[in-house]
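Notes to accompany the following structure.
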Amino acid sequence: MRARAALLAAAAVPVTAAAATAVLKAGLWRLYADRHRITLSPHPRRSCSDCRGAGGWWVGGPFPEMEACGC
């Protein structure tokens, strides 16, 4: 009985990973994973009229900062 449960769990992991990859690609999300962290961030749209796919713009002043776009 334990062997069957272990086999089902081992088979579910690749299916879950494939489904997560498909959802991330469809939803324009960027996934970065390395040994110490996993980062999930939105991917800017190329068709955005505000940032034109750059993800934001620089705000002037004595201390310029990057302001993120809402796309």
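The values are calculated or read from the model by the stated rules, or taken from the named source; none is laboratory data. All of these numbers come straight from a predicted model, not from anything done at the bench. Using ideal geometry, Cβ is built from the backbone for each residue, glycine included, and neighbour counts are taken over all protein chains shown. What goes into the accessible areas is simple: the full protein's heavy atoms, side chains included, and nothing from ligands, DNA or RNA. Shrake-Rupley method; radii C 1.70, N 1.55, O 1.52, S 1.80 Å.
Tabulated data
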{"item": "Accessible surface of LEU7 - all protein chains present, 1.4 Å probe, nearest 10 Å²", "result": "120 Å²"}
{"item": "Summed residue charge, Cβ within 14 Å of PRO44's Cβ, Lys/Arg positive, Asp/Glu negative", "result": "+2"}
{"item": "Net charge of neighbours whose Cβ lies under 10 Å from the Cβ of TRP58, counting Lys and Arg as +1 and Asp and Glu as -1", "result": "-2"}
{"item": "Candidate values [x] -0.32, -0.44, -0.97, -1.44; [y] -0.63, -0.71, -0.92, -1.09; [z] -0.55, -0.66, -0.98, -1.14, label of the one derived for log10 I(q)/I(0) by the Debye sum over Cα atoms at q = 0.12, 0.14, 0.21, 0.28 Å⁻¹", "result": "[z]"}
{"item": "Degrees, to the nearest 10: 2-26 long Cα axis against longest axis of the chain", "result": "20 degrees"}
{"item": "The chain - accessible surface per residue (Å², probe 1.4 Å)", "result": "89 Å²"}
{"item": "Whole-percent carbon and sulfur share, accessible surface of the chain, 1.4 Å", "result": "63 percent"}
{"item": "Longest segment of the chain lacking trypsin sites (Lys or Arg not before Pro) that sit in a DSSP loop with at most 16 other Cβ atoms within 10 Å", "result": "1-34"}
